[in-house]
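Contents: one structure, followed by commentary.
The values are calculated or read from the model by the stated rules, or taken from the named source; none is laboratory data. None of these values were measured; they are calculated from a predicted model. Counting neighbours? That spans all protein chains shown, and the Cβs are built from the backbone with ideal geometry, glycine included. Keep in mind that these areas ignore ligands, DNA and RNA; they rest on the heavy atoms of the full protein, side chains included. Shrake-Rupley method; radii C 1.70, N 1.55, O 1.52, S 1.80 Å.
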Amino acid sequence: MKVLKFGGTSVANASRIKEVYSIVSKQHKADKKLVVVCSALGGVTDELIKMSKLASLRDDQYKKVLQQIRQRHLTCILDLGLNKDKELLRFMDQTVESFSDLLHGISLVKELSLRTLDFISGQGEVMSSRIVASYFNHQKLKSDFIDARKLVITDENFGSGKVDFKITNNNIRKHIDQKGRVSVVTGFIGATNDGEMTTLGRGGSDYSAAIFGAALDADEIQIWTDVDGVLTADPRKVKKAIPVGSMTYTEAMEMSHFGAKVIHPPTIQPA
């Protein structure tokens, strides 16, 4: 069993998603048990938050941002040749419609609660994972879309939900197919016992991958990103930084706590 997590830059558009398919299909030939955890399309989470805040200020620009988000996802769907996937297109229309209704309500009351912000900001992962799962199946790689809200149970600390690992691990072991189909999972999100959507905080999709990897006793958790690995320094500041070949979990934990953005602190503990 392997868990592969793909960040926003890795699923930013159709060409990147095709590269994700290439990586996953090659690994699937060697290991039939794969879980793929997806972030939102690159930058979409920030746009969802921006849209929500504009609505709370009664700034009608939120409608323009919503349409930009809609168009970006539709363009991705069309570029991947998924224009005949009626269920996917219907899901996108329903999502945008629910956004529109919710944002109108936020605008009327001029209030954006953490609960509402979690519901909106976590939808990027739902949309991207639906697209990725649909494309995998379109390419004859049998895949299931897995909504983490049904498996990852947290408390009501909206914005940074604390995971109930006992319930979550049991849910994941019961519902993840380990017999050959690829499970495409929404990163970053979970839900309370009452079904209220929560987000897992900064680096949430990495954390999701570690949660699923630990629950399934995976052989590997792979974090795919747009840099070559963990480097000796921030390459934006130190041009001659080089990749670290290997490190212990303790070293990785220390680096993440002291600000290395390539690994987020919560990710290490489940791993």
Exercise for review: May I have the convex hull volume per residue, in Å³, for the Cα set of the stretch 171-271?
Suggested key: 127 Å³
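At a 1.4 Å probe radius, carbon and sulfur cover how many percent of the accessible area of the stretch 19-173? Let's see the in-between values first.
Working: 3780 of 7750 Å².
The computed percentage sits at 49.
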Study note, to complete from the structure: D (µm²/s, integer) via Stokes-Einstein for the stretch 1-97, Kirkwood Rh across alpha-carbon pairs, 25 °C, 0.890 mPa s: value 163 µm²/s
Point to revise | Cβ crowding within 10 Å averaged over residues, with 85-94, 207-216 ranked highest first | key: 207-216, 85-94
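Have a look at the DSSP beta bridges in the chain and tell me what percent are antiparallel, nearest 5. Please report the intermediate quantities before stating the final value.
Details: 5 of 24 bridges.
Rounded to the nearest five, the antiparallel share is 20 percent.
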Review point. Just the accessible area per residue of the chain, please: how many Å² with a 1.4 Å probe?
Key: 51 Å²
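I want the local charge near ASP194. Using Cβ-Cβ distances under 14 Å, sum +1 for each Lys or Arg and -1 for each Asp or Glu among the other residues.
On the way: positive: ARG115, ARG149, LYS150; negative: ASP118, ASP155, GLU156, ASP164, GLU196.
Cβ neighbours under 14 Å give a net charge of -2.
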Check your understanding: Which ³J(HN,Hα) values, rounded to whole Hz and listed in residue order, are derived for the stretch 153-158 from phi using the Karplus coefficients 6.51, -1.76 and 1.60 in 6.51 cos²θ - 1.76 cosθ + 1.60 with θ = phi - 60°, glycine and proline given as x?
Key -> 9, 10, 7, 9, 7, 4
Exercise for review: Name the long-range amide H neighbours of GLY201: under 5 Å, sequence gap of 5 or more, or other chain; modelled H, no Pro or chain starts.
Suggested key: GLY161
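What's the magnitude of the charge dipole for the chain around its Cα centre, counting Lys and Arg as +1 and Asp and Glu as -1 at the beta-carbon? Answer in Debye, nearest 20. Don't jump to the answer; show the numbers that get you there.
Working: 37 positive and 32 negative charges, 147 e Å.
In debye, rounded to 20, the chain gives about 700.
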Review point. Which percent of Cα-Cα pairs in the stretch 39-189 sits in each 10 Å bin, short to long?
Key: 11, 36, 34, 18, 2
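How much mean residue ellipticity at 222 nm does the chain get from its helices, if each DSSP H run of length 4 or more adds -39500 (n - 2.57) and you divide by all residues, to the nearest 500 deg cm²/dmol? Mind showing how you got there, number by number?
Numbers: 10 runs with 133 residues, N = 271.
Computed mean residue ellipticity for the chain: -15500 deg cm²/dmol.
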Review point. Which of these, VAL44, VAL227, VAL126, has the largest mean-square fluctuation under a Gaussian network model of the chain (Cα springs below 10 Å)?
Key: VAL227
Study note, to complete from the structure: Counting only protein heavy atoms and leaving out ligands, DNA and RNA, the solvent-accessible surface of MET253 at a 1.4 Å probe, in Å² to the nearest 10, equals 60 Å²
**Study point:** Given (1) 18.4, 54; (2) 19.7, 57; (3) 21.2, 71, the label whose value is Rg and Dmax of the Cα atoms in Å derived from this model
**Key:** (1)
